[in-house]
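The values are calculated or read from the model by the stated rules, or taken from the named source; none is laboratory data. Small disclaimer: the values here were computed from a predicted structure and weren't measured. Positions of Cβ are backbone-derived with ideal geometry, glycine not excepted, and every protein chain shown enters the neighbour counts.
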Amino acid sequence: MQITIRGHHLTITPAIEENIKMKFSQMTKHLDQVNSMQIKLAKDHQIDRRSHKGSSNHIAEAIIRLPGIELFAQATADDMYTSINKLTEKLKRQLTKHRKIQCSYQHELAILT
C-alpha cells in the first residue's frame, strides 16, 4: 500500500507524518485490497472583515483507492491533529459501509449459485 502525504501552505513534520501513518495503517489493516492513499493537509488563513482578526483552519483530505471505487473524505478543525482524527473517523465509516455492501453482495451471489 502506497501512502502519499502532501502539505499545502504548511510543512509536514515527522510527528504529523508518523501520526498519519499510524492511524491509517490501523484503519486499513484488515483491507488487503487498498491500492493507494493520497492525503493532503492544508492550512487556510481567513481574516474576519469586521474585527480584522485572522484565524486559520486546518484541512485534511484523503482519497483511498480500492479496486473499482475511490473513497474521499475531508475534515476541518482548528488543530491539524484534530482534523486528522476527524478524517480517519469519516473514512472508517465509509470503509465499514463499503465492507457491508461487499459482504451482502457476496452473500447474494452465494445464494444464487
Residues of segment 64-103 that turn out to be part of a strand (DSSP E or B), modelled with pLDDT of 90 or more and surrounded by fewer than 16 Cβ atoms within 10 Å (Cβ to Cβ), as a count: 4
Neighbours by Cβ (under 8 Å, 6+ apart or cross-chain): first from segment 1-21, within 13 Å of His58 (Cβ to Cβ) and among the small types (Gly, Ala, Ser); second surrounded by 15 or more Cβ atoms within 10 Å (Cβ to Cβ) and modelled with pLDDT of 90 or more: Gly7/Lys40; Gly7/Leu41; Gly7/Ala42
Positions within segment 1-35 being part of a strand (DSSP E or B) and surrounded by 13 or more Cβ atoms within 10 Å (Cβ to Cβ), in sequence order: Ile3, Ile5, Gly7
When residues of segment 36-54 are limited to those that are in contact with a His (Cβ under 8 Å, 6 or more places away or on another chain) and small (Gly, Ala, Ser), the one modelled with the highest pLDDT: Ala42
